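Colleague: Have a look at the structure that comes next, please.
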Amino acid sequence: MLPIEIFHYKLKWKPKAIIVDLHSDLKNDAVEWCKKKLKQWEWDMKEYTYVYSHTFYFEKEENAESFRTIFRNWINKGKQ
């Protein structure tokens, strides 16, 4: 997919995305995991959505669940 196609594709699913908030200390590890395990158009991230927290958006529940499993101890419990 071209970058513009990825952008438009994400616009379609992002309003219904599965959201996972993660402590900001894990940003690099989390982004690396997403890049290795998922396609570019299956996830997105917004930085500092809460204090010390980044929000990850997933198109599919199974990808979000895998992400939660890996980073379970660092997920911001009150913001899921």
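Colleague: Mind counting the residues in the stretch 32-62 that are in contact with a strand residue (DSSP E or B) (Cβ under 8 Å, 6 or more places away or on another chain) and surrounded by fewer than 15 Cβ atoms within 10 Å (Cβ to Cβ)?
Modeller: 7
Colleague: The conditions are (1) more than 22 Å from Lys10 (Cα to Cα); (2) surrounded by 15 or more Cβ atoms within 10 Å (Cβ to Cβ); (3) in contact with a helix residue (DSSP H, G or I) (Cβ under 8 Å, 6 or more places away or on another chain), and Ser24 fails exactly one of them. Which is it?
Modeller: Checking Ser24 against (1) more than 22 Å from Lys10 (Cα to Cα); (2) surrounded by 15 or more Cβ atoms within 10 Å (Cβ to Cβ); (3) in contact with a helix residue (DSSP H, G or I) (Cβ under 8 Å, 6 or more places away or on another chain), the one that fails is (3).
Colleague: Also, I was wondering about something else. Among the residues of the stretch 28-80, which ones are under 21 Å from Pro3 (Cα atoms) and either at pLDDT below 95 or assigned to a loop (DSSP other than H, G, I, E, B) (or both)?
Modeller: Of everything in the stretch 28-80, those that are under 21 Å from Pro3 (Cα atoms) and either at pLDDT below 95 or assigned to a loop (DSSP other than H, G, I, E, B) (or both) turn out to be Leu38, Lys39, Glu59, Lys60.
The values are calculated or read from the model by the stated rules, or taken from the named source; none is laboratory data. Keep in mind the model is a prediction, meaning the values are calculated, not measured. Please note: Cβ atoms are built from the backbone with ideal geometry, for glycine as well, and neighbour counts cover all protein chains shown.
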